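The values are calculated or read from the model by the stated rules, or taken from the named source; none is laboratory data. From a predicted model like this one, the values you see are computed outputs, not experimental measurements. All Cβ positions, glycine included, derive from the backbone under ideal geometry; neighbour counts span all protein chains shown. These area figures cover heavy atoms from the full protein model, side chains too; ligands, DNA and RNA do not enter into them. Shrake-Rupley method; radii C 1.70, N 1.55, O 1.52, S 1.80 Å.
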Amino acid sequence: MLILGIETSCDETSAAIVADGRRVLSNVISSQCELHAPFGGVVPEIASRQHLLNLRPVVRQAFSDAGVTFGDVDAVAVTRGPGLIGALLAGVSFAKAFAFARGLPVIGVDHIEGHIRACYLDGPEPPHPALALVVSGGHTNLFLLADEGRYRLLGKTRDDAAGEAYDKLAKRLGLGYPGGPVLDRLASRGDPRRHLLSLPHFSDGARYDFSFSGLKTQVLRRIENLGIEPLAPGEAPEEREDIRDLAAGFQSAVVRALSRAVLRALEEVEVQALLLSGGVAANSALRARFREIGAERGLPVFLPTIALSTDNAAMIAAAGHLAFLRGEIAGPDLTADTSLRLGETGARRSLRHR
Ligand code: KG4
Ligand code: ZN
């Protein structure tokens with residue numbers, strides 16, 4: 001079964017053709033990073049307008065890269081949320097029009113389920129139960145998957161997402177947008193011991209939740225106290241030891257915060273695999289730490305490639321395939337829904353009180 005996937009929830013316009021929810025035939029990603037960089041973050045209005053311009057050429061490219069024609073696809077899957085409302089509507093409207101014109105079923109996909117499904121692409125199938133950490137610019141969620149497609153939210157961020165904290169720190173240091181890749185690169189050349197940052201503890205005893213705003217405040221305070229200047233125009237960030245060390249201290253704390261929740265969950269529940277996805281899953285230190293935890297526990301670790309970690313339509317087509325098998329075919333009233341909350345149907349309980 002061939003699915004055309006479409007993703008426009010934030011600042012990437014992407015279209016992909018995926019076979020049977022598992023094999024990527026094409027995955028075209030047009031990033032708007034450069035348009036948003038001067039603003040230090042995504043400007044929603046610019047994003048939606050740019051999606052409208054990009055969608056047709058990106059979809060055409062996805063077909064030509066895959067070597068298939070419009071008549072070959074069996075369904076269209078599109079991100080319907082969460083994300084920026086205008087950006088989502090651009091993709092949903094396009095997908096509905098395309099599906100209507102070709103007489104194809106259309107499937108609305110949860111972006112977070114898409115990130116998780118990236119772990120199932122182009123490789124062996126993860127065994128279940130599994131623990132899945134989704135870390136992106138908008139989300140930091142830890143799920144328990146009792147089985148394929150069954151998500152239970154164990155913990156999430158109470159404030160900033162991990163990627164958002166990277167982006168905010170980079171903006172403050174004049175490193176541009178997005179902040180993750182550049183801070184990751186600088187961190188690998190810095191000394192993490194120069195800035196030992198503390199992790200939050202939750203007075204209500206939550207063991208799997210995250211919080212990154214306190215970490216961000218600690219780093220910003222150090223920038224003030226030590227008089228660390230943002231990067232000057234034309235200056236190479238690699239030359240700045242103070243920024244490299246700060247990035248290393250910050251990255252070390254983010255990785256500790258993320259892995260702490262995973263390790264705690266592993267104390268409570270027996271799983272067969274660890275899954276890591278979302279834009280921050282591109283992070284070199286986090287990938288290394290996940291591999292280490294997997295090796296220590298004898299668990300296979302499923303890490304999408306970098307291109308499948310950050311926003312892309314192949315993961316949406318993959319999630320669309322699963323949704324199709326569940327019978328989730330949308331009607332003509334399909335619309336964007338920014339309030340989707342994967343795995344949050346029941347109250348979040350401690351694993352100890354199952
Ligand atoms: O999943 P994604 O592409 O979009 C959202 O759904 O939010 O994630 C984008 C986020 C951005 O915050 C970006 O800074 C972060 O992923 N990111 C990284 C790295 N590459 C991208 N964060 C840390 N290290 C990286 N190497
Ligand atoms: Zn995403």
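Of note:
- Between residue 101 and residue 295, the modelled labels are 5.1 nm apart [label points 7 Å from Cα along Cα→Cβ].
- Ordering of 195-206, 48-59 by burial proxy (mean other Cβ atoms within 10 Å per residue, highest first): 48-59, 195-206
- With the convex hull of its Cα atoms as the shape, the chain has an orientation-averaged projected area of 17.7 nm².
- Radius of gyration (Cα atoms) of segment 40-190, expressed as a multiple of 2.2 N^0.38 Å: 1.23.
- Whichever lysines have a C-alpha closer than 28 Å to that of residue 216, once near sequence neighbours (fewer than 8 apart) are set aside: 156, 168, 171
- Ellipticity at 222 nm from helices only: DSSP H runs of n ≥ 4 in the chain, each -39500 (n - 2.57), divided by the residue count, give -13000 deg cm²/dmol.
- Helices of the chain meeting both criteria, an alpha-carbon length of 24 angstrom or more along the long axis and an average Kyte-Doolittle score not below -0.5, with helices taken as full DSSP H segments, are 44-66, 85-102, 241-268.
- Sorting 23-29, 279-285 by average packing, meaning the other beta carbons within 10 Å per residue, from highest down gives 279-285, 23-29.
- Sequence-distant residues sharing a close amide H with residue 155 (under 5 Å, placed H): 142
- Per atom type, segment 169-215 shows carbon and sulfur on 51% of its accessible surface, probed at 1.4 Å.
- Accessible area per residue for segment 230-354, computed on protein heavy atoms with a 1.4 Å probe, is 45 Å².
- Surface share of carbon and sulfur [accessible, 1.4 angstrom probe, percent] for segment 1-62: 55
- Under 13 Å, Cβ to Cβ, from residue 335 - net charge with Lys/Arg +1 and Asp/Glu -1: 0
- For segment 182-310, the square roots of the Cα gyration tensor eigenvalues, ordered a ≥ b ≥ c, give a/c of at least 1.5 with a/b no greater than b/c, which places it in the oblate category.
- Over segment 120-184, accessible surface divided per residue gives 32 Å², non-protein components excluded, 1.4 Å probe.
- Annotation: peptides 315-325, 219-229, 5-15, 165-175, ranked by per-residue average of other Cβ atoms within 10 Å with the highest first, follow the order 5-15, 315-325, 165-175, 219-229.
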